[in-house]
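The block underneath contains the structure these notes are about, expressed in structure tokens.
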Amino acid sequence: MTITATASANTNIALIKYWGKADESLAIPVTSSLSLTLGGTRTTTTVSFDGGAGGEDAVTINGATPGGTARERVVRFLDLVRSRAGMTIPASVTSSSTVPLAAGLASSAAGFAALAAAATRAAGMRLDERALSRLARRGSGSATRSIFGGLVLWNAGVDDETSYAEPVDCDLTPAMVVVVVSAGRKTISSTQAMRHTMNTSPLYPAWAEASREDLRVALDAVRARDLPRLGEVVESNALGMHAAMIASRPSVVYWLPETLDVLHTVRVMRDEGFPVWATIDAGPNVKVLTTGEDADQVAAVLRDRIPCATTSVRYPGGGVRVEEVTA
Ligand code: DP6
């Protein structure tokens, strides 16, 4: 009997970043991280261990057949699920994202969280959310957090057992305004860039050290419902991560001139009284943390001042969902 399982997961944006693995093969991060899962950013993935095609896994992502590293990562992940389920049969995997690639939110986080849920159900396994989070980690670090909705803490841990994410109670109602200055593909993957930063940047140890304290401050601010305090540490943590990358040898610079325009505009808006703080991932686009009530106005001002960018508003969203299982 072949089981076909479909699951979906939203992407997430780190408020306190994950950048660097203490153990590459198990994907144990150097530091713990905190993120916000964003609504309306689901990737939906269907898996069945049906023999695949031509004796290999058949993988389709957004209607295309990926090659190279993108395919290898999916196959490696399926191998992990197969080894746990005690099976060897190839699978068919079809994945599609509701978010246009140009939204600047294309992320392996939603993809591997959905794949973890769909592949385990298709393999006849029933994992609780913590176990799913630990498994998704092996696909992509940030996927660890996409298992849960809202505000999420990924405990770095020290081994496979202790490195997982969990939801954080939060009375804040934040939103993210996503400012896309370029929808082009990144020149260097996060996996490679974080390894290079760790290996060559004299600033990396300082960032990692500061990040531990940043997380404490961020969690305190969440408990105190203090968005300005949270926002300040969010922006500092991301800029510190980029400073460490820029100090790598040779340097990793994801920013474009427009990235700095947005950063500058966010500062000016803050001086004008808007509750806005910037964060940037492994790319040139800027995500602006603000309140749910202010998000539309913030987006309107950003559209006016950075007309070349594509700006959209995202609110917190839910965790991984098993959509359908048929046998
Ligand atoms: C800058 O999770 O994409 O978005 O674990 O190697 O797959 P791998 O990396 P990935 O890195 C995300 C880096 C980041 C920060 C974050 O999401 O915490």
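The values are calculated or read from the model by the stated rules, or taken from the named source; none is laboratory data. Model, not experiment: these values are computed from the prediction. Methodologically, a virtual Cβ is constructed for each residue, glycine included, from the backbone with ideal geometry; neighbour enumeration extends over all protein chains shown. Areas reflect the complete protein model, heavy atoms only, side chains present, ligands, DNA and RNA absent. Shrake-Rupley method; radii C 1.70, N 1.55, O 1.52, S 1.80 Å.
Brief remarks on what is shown
- In the range 116-139, the residue that is nearest to Tyr18 (Cα to Cα) out of those that are within 12 Å of the ligand (Cβ to nearest atom) and buried (at least 24 other Cβ atoms within 10 Å of the Cβ) is Arg137.
- Residue satisfying condition, being touching a residue at least 60 places away in the same chain (Cβ under 8 Å), away from the ligand (no atom under 12 Å from the Cβ), out of contact with any Leu (no Cβ under 7 Å at 6 or more places or on another chain) and at negative phi, within set Thr2, Thr65: Thr2
- Filter result for Ala210 (at pLDDT 95 or above, under 23 Å from Asn155 (Cα atoms), in contact with a Leu (Cβ under 6 Å, 6 or more places away or on another chain) and small (Gly, Ala, Ser)): no
- Breaking point among (1) within 16 Å of the ligand (Cβ to nearest atom); (2) crowded, with 24+ Cβ neighbours inside 10 Å; (3) of a type outside the set (Gly, Ala, Ser), for Arg42: (1)
- Residues in the range 194-210 that are outside any loop (DSSP other than H, G, I, E, B), surrounded by 14 or more Cβ atoms within 10 Å (Cβ to Cβ) and not basic (Lys, Arg): Met194, His196, Thr197, Met198, Thr200, Tyr204, Ala206, Trp207, Ala208, Ala210.
- Pick from the range 80-115, criterion more than 28 Å from Val177 (Cα to Cα) and assigned to a helix (DSSP H, G or I), ranking: most open to solvent (accessible area, probe 1.4 Å): Arg84
- Odd one out for Met176 among (1) outside any helix (DSSP H, G or I); (2) more than 25 Å from Pro316 (Cα to Cα); (3) at pLDDT 95 or above: (2)
- Every residue from the range 192-214 that is under 17 Å from the mean Cα position of the chain (by Cα) and without any contact (Cβ under 8 Å) to a residue 12 or more places away in the chain: Gln192
- Flag for Arg73 being closer than 30 Å to Met176 by Cα, more than 15 Å from the ligand (Cβ to nearest atom) and basic (Lys, Arg): no
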